[in-house]
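The values are calculated or read from the model by the stated rules, or taken from the named source; none is laboratory data. All of these numbers come straight from a predicted model, not from anything done at the bench. Backbone-built Cβ (ideal geometry, glycine too); neighbour counts: all protein chains shown.
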Amino acid sequence: MGRFNRDEGIALKVVGIIGGPKNDGNTFRLVRAVLDGALDAGHTVVTWKLKDVYIGHLGHFAGETLPPNDDFEKMQADLESMGALVIGSPVWYGHVDTRTFNFINRTYVYNKHYSEENAEKWPKAKAVNVLTYGREDENAYDNILDWYKMIWDWYGMTESINLVAAGTGNYPVEKRPDLIKRAKDIGRNL
C-alpha cells in the first residue's frame with residue numbers, strides 16, 4: 001500500500017493515541033481537536049485511549065526480546081496503515097505519563113534491530129506530538145519533544161509537528177480557543 005498526502009487529494013488514516021487518564025482532560029481535548037481538524041479535511045480518524053487498553057512491558061530472556069501478551073496487537077493494523085500519528089501525553093514528573101511511555105517502548109517491535117520485516121511495516125507517516133502540563137514555561141519539556149523526534153526519525157517518519165499546552169493547571173485547554181484553533185489547523189493540514 002502506498003502512502004498518499006493531502007496534495008494528491010487522497011484521505012489519510014490519522015491515528016490518535018491519547019495517554020491521559022481523563023475522557024475530558026487537557027490531553028484528550030487537544031488530541032481530539034487535531035483529529036477533528038483531520039476529519040474536517042476529509043481524513044479517516046482512529047482513536048486509541050491508552051487508559052482503555054493494556055500495554056505491557058517488553059521482556060528479555062536468553063538474549064531475546066519478548067513482547068508481552070497485551071492489547072498492542074489490536075492496535076497494529078491501524079499503526080501499520082496510518083498516514084499520520086497524533087500522540088498526546090500529559091507530563092508527569094518530568095516525562096510522558098506511563099501509559100504513553102509503555103506504548104512508545106512497545107513500538108520496539110517495529111525497530112529494525114528487533115525485526116527487519118516488522119520495520120518495513122511502520123509507515124513513513126507524519127507525527128504530531130501533543131504535550132500538556134501545568135508548568136507555565138512553553139519550553140520546559142523540549143527534551144521530551146526531542147525524544148519524540150529522535151524516535152520518529154529512527155522509524156523514518158517524514159515530519160514531527162509539536163503542539164504544547166503549558167500552564168494547563170491554571171489555564172486548561174478548554175479555556176484556550178486559540179490553542180484549540182491551532183490544533184484543528186494542524187489536523188486540517190496533515
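Observations
- Condition check for GLU64: without any contact (Cβ under 8 Å) to a residue 24 or more places away in the chain and not hydrophobic (A, V, I, L, M, F, W, C): yes
- Helices (runs of 4 or more DSSP H) fully within the range 113-190 counting 1 or more residues that are surrounded by 13 or more Cβ atoms within 10 Å (Cβ to Cβ) and touching an Asp or Glu at 6+ places or on another chain (Cβ under 7 Å): 177-188
- Taken residue by residue, the range 6-17 has no member that is over 14 Å from the mean Cα position of the chain (by Cα), modelled with pLDDT of 95 or more, surrounded by fewer than 23 Cβ atoms within 10 Å (Cβ to Cβ) and among the acidic types (Asp, Glu).
- Subset tally (residues that are part of a strand (DSSP E or B) and either touching a strand residue (DSSP E or B) at 6+ places or on another chain (Cβ under 8 Å) or among the charged types (D, E, K, R) (or both)) for the range 61-91: 11
- The combined condition, being over 27 Å from LEU79 (Cα atoms) and touching a residue at least 12 places away in the same chain (Cβ under 8 Å), is fulfilled by ALA166.
- Considering VAL91, VAL45, VAL86, the condition of being farther than 14 Å from VAL14 by Cα and among the hydrophobic types (A, V, I, L, M, F, W, C) is satisfied by VAL91 alone.
Rundown of residues vs (1) modelled with pLDDT of 95 or more; (2) of a type in the set (A, V, I, L, M, F, W, C), yes/no style:
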position: ASN118; (1), (2): no, no
position: LEU131; (1), (2): yes, yes
position: TRP154; (1), (2): no, yes
position: VAL164; (1), (2): yes, yes
position: GLY169; (1), (2): no, no
position: PRO172; (1), (2): yes, no
position: ASN189; (1), (2): yes, no
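- Against the numbered list (1) out of contact with any Ser or Thr (no Cβ under 8 Å at 6 or more places or on another chain); (2) modelled with pLDDT of 95 or more; (3) hydroxyl-bearing (Ser, Thr, Tyr), THR27 comes up short only at (1).
- Residues satisfying the stated conditions in the range 129-143, i.e. in contact with a strand residue (DSSP E or B) (Cβ under 7 Å, 6 or more places away or on another chain) and without any contact (Cβ under 8 Å) to a residue 40 or more places away in the chain: GLU138
- The set of residues in the range 35-60 that are of a type in the set (A, V, I, L, M, F, W, C) and either part of a helix (DSSP H, G or I) or exposed (fewer than 14 other Cβ atoms within 10 Å of the Cβ) (or both) comprises LEU35, ALA38, LEU39, LEU50.
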